[in-house]
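Visitor: Structure below; questions to follow.
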Amino acid sequence: MTADQALPAWVDALHGLIVENLDGLGAVVDQIGDELINVVPPLPQANSGYGIVYHCTQVVLFWAGSVIGGERIPRDRGAEFTSTGTVADLHTAIDDVVARLPAWVDVAITDGVRDRTAAGSRAATATPEYLLGHLVRELAQHLGQLEITRDLVTSRP
């Protein structure tokens, strides 16, 4: 699409919800702060705030960048949840995917899904609408997880 063409309403809505969720993740990591962003709450199979948000950025890179965009961005899903860093690192990662997202959304509406062979995905049969909706669902789910994580780590004595 050209810059003067408006996105179809459904695309604009899904893109907006993806960005809204990413912005929400950024706001919660600010509330957690550097002192607690790498703390894992005392729950079975819990993850640190850093791990959750880093995973979310990798989810967008995989589904939007690799599957839709065909960029084949390397991913180590297992390492995503054990990664550590700072709040600033997370904002850099979020800002990166937010900046790159419009190009991938454009591919979704003009070309469809470019990489239907992406390992471990539903890319073989998924529509672009499904994939963008999947991002909304995944990010919203992890935003809720991050909010619970925030509440647990910031209320510890």
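Visitor: Which of the residues belonging to region 43-61 are open to solvent by 10 Å² or more (accessible area, probe 1.4 Å) and either touching a Leu at 6+ places or on another chain (Cβ under 6 Å) or at pLDDT 95 or above (or both)?
Guide: Restricting attention to region 43-61, the residues satisfying the condition of being open to solvent by 10 Å² or more (accessible area, probe 1.4 Å) are 43-47, 50, 54, 58, 61.
Correct list: A46, N47, Y50, Y54, Q58, L61.
Visitor: Within the group E20, E71, E35, which residue is free of Cβ contacts under 8 Å to residues at least 60 places away in the same chain and either open to solvent by less than 20 Å² (accessible area, probe 1.4 Å) or within 21 Å of A140 (Cβ to Cβ) (or both)? I'd like the intermediate steps shown before the answer.
Guide: Values: E71 fails: either open to solvent by less than 20 Å² (accessible area, probe 1.4 Å) or within 21 Å of A140 (Cβ to Cβ) (or both); E35 fails: either open to solvent by less than 20 Å² (accessible area, probe 1.4 Å) or within 21 Å of A140 (Cβ to Cβ) (or both).
After applying the criteria, what remains is E20.
Visitor: Within region 99-125, track down each residue that is open to solvent by 10 Å² or more (accessible area, probe 1.4 Å) and among the hydrophobic types (A, V, I, L, M, F, W, C).
Guide: Those that are open to solvent by 10 Å² or more (accessible area, probe 1.4 Å) and among the hydrophobic types (A, V, I, L, M, F, W, C): A99, A103, V107, I109, V113, A118, A119, A124.
Visitor: Scan region 46-64 and report the pairs whose first residue is in contact (Cβ under 8 Å) with a residue 12 or more places away in the chain and under 9 Å from E80 (Cα atoms) and whose second residue is open to solvent by 10 Å² or more (accessible area, probe 1.4 Å) and charged (D, E, K, R), with Cβ atoms within less than 6 Å and a gap of 6+ or a chain change.
Guide: Going by the 6 Å Cβ cut-off, the qualifying pairs are Q58/R75.
Visitor: Out of curiosity, is R114 basic (K, R), farther than 12 Å from H15 by Cβ and part of a helix (DSSP H, G or I)? Spell out how you get there, then give the answer.
Guide: Working: basic (K, R): yes; farther than 12 Å from H15 by Cβ: yes; part of a helix (DSSP H, G or I): no.
So R114 does not fit the description; no.
Visitor: Looking only at region 122-157, how many residues end up being assigned to a helix (DSSP H, G or I) and either at pLDDT below 95 or touching a helix residue (DSSP H, G or I) at 6+ places or on another chain (Cβ under 7 Å) (or both)?
Guide: Of all residues in region 122-157, those assigned to a helix (DSSP H, G or I) come to 128-154.
Narrowing the set further to residues that are either at pLDDT below 95 or touching a helix residue (DSSP H, G or I) at 6+ places or on another chain (Cβ under 7 Å) (or both) leaves 128-136, 138-140, 142-143, 145-147, 149-150, 153-154.
Selection size over region 122-157: 21.
Visitor: Sticking with this structure for a sec: With respect to the numbered conditions (1) open to solvent by 30 Å² or more (accessible area, probe 1.4 Å); (2) in a helix (DSSP H, G or I); (3) in contact with a Gly (Cβ under 9 Å, 6 or more places away or on another chain), which one is the sole condition not fulfilled by V40?
Guide: Looking at each condition in turn, V40 falls short on (2).
Visitor: Do you know which of the residues in region 74-98 that are among the hydroxyl-bearing types (S, T, Y) and in a loop (DSSP other than H, G, I, E, B) is surrounded by the most Cβ atoms within 10 Å (Cβ to Cβ)?
Guide: Pass one, region 74-98, residues among the hydroxyl-bearing types (S, T, Y): 82-84, 86, 92.
Pick out the ones that are also in a loop (DSSP other than H, G, I, E, B) and you get 82-84, 86.
Details: T82: 14, S83: 19, T84: 11, T86: 14.
It comes out as S83.
The values are calculated or read from the model by the stated rules, or taken from the named source; none is laboratory data. Computed from a prediction, not measured in an experiment: that's the story for all the values here. A quick note on method: Cβ atoms are made from the backbone with ideal geometry, for glycine too, and the neighbour counts reach across all protein chains shown. SASA here: full protein model, heavy atoms, side chains in, ligands and nucleic acids out. Shrake-Rupley method; radii C 1.70, N 1.55, O 1.52, S 1.80 Å.
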